[in-house]
Amino acid sequence: LVRTSTPVYAMIDTGTTGLFVVESMFYDLQRQAKGFKSAEVEFGTTDGRTVSLRVARPDPLFLVFPTKFDWLPPDANLIILGVAFLQDAKLTIDTKTNVFALDAPAA
């Protein structure tokens, strides 16, 4: 379990397989976790539930890389979750109403 002292924002990218972590967090997290063997992201939903997306090392899609974005403020924490996190979830994106629905296992 690794916790940060500042909020972490997550993006889901269906064109990515594993996990990207901004460089400002990556190496510290890697040291704390003693390498990336698994990852779980918990978040609240609009209906008050807490759901989680998780993936573990045996999954061939679970790769973890540092990244940076020129447009991101240096103190911002961002992770990008790829399709490996969505294997046990159902993702629906309605582009007409701009509604994003994720049916994922409860945390």
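The values are calculated or read from the model by the stated rules, or taken from the named source; none is laboratory data. Note that the structure is predicted; figures quoted are calculated from it, not measured. Here Cβ is always computed from backbone atoms with ideal geometry, including for glycine, and neighbour counts include all displayed protein chains. Note: accessible area is taken over every heavy atom of the protein model, side chains too, but ligands, DNA and RNA are not part of it. Shrake-Rupley method; radii C 1.70, N 1.55, O 1.52, S 1.80 Å.
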Discussion item. Can you say whether ALA76 is closer than 23 Å to ALA101 by Cα and touching a residue at least 24 places away in the same chain (Cβ under 8 Å), as far as the supplied structure shows?
Written reply: no
Discussion item. Need a quick list: strands (runs of 3 or more DSSP E) entirely within the range 6-104 having at least 1 residues that are open to solvent by 80 Å² or more (accessible area, probe 1.4 Å) and touching a strand residue (DSSP E or B) at 6+ places or on another chain (Cβ under 6 Å).
Written reply: 9-12, 38-44, 50-56, 64-67, 90-94, 99-103
Discussion item. Suppose we filter the range 1-44 for residues that are within 14 Å of LEU102 (Cβ to Cβ) and either free of Cβ contacts under 8 Å to residues at least 24 places away in the same chain or over 15 Å from the mean Cα position of the chain (by Cα) (or both); how many remain?
Written reply: 1
Worksheet item: Taking interchain pairs and intrachain pairs at least six residues apart, which have beta carbon atoms under 6 angstrom, with the first residue in the range 47-65 and under 22 Å from GLU23 (Cα atoms) and the second of a type in the set (Phe, Trp, Tyr)?
Response: LEU53/PHE85; VAL55/PHE62; VAL55/PHE85; VAL64/PHE36; PHE65/PHE20
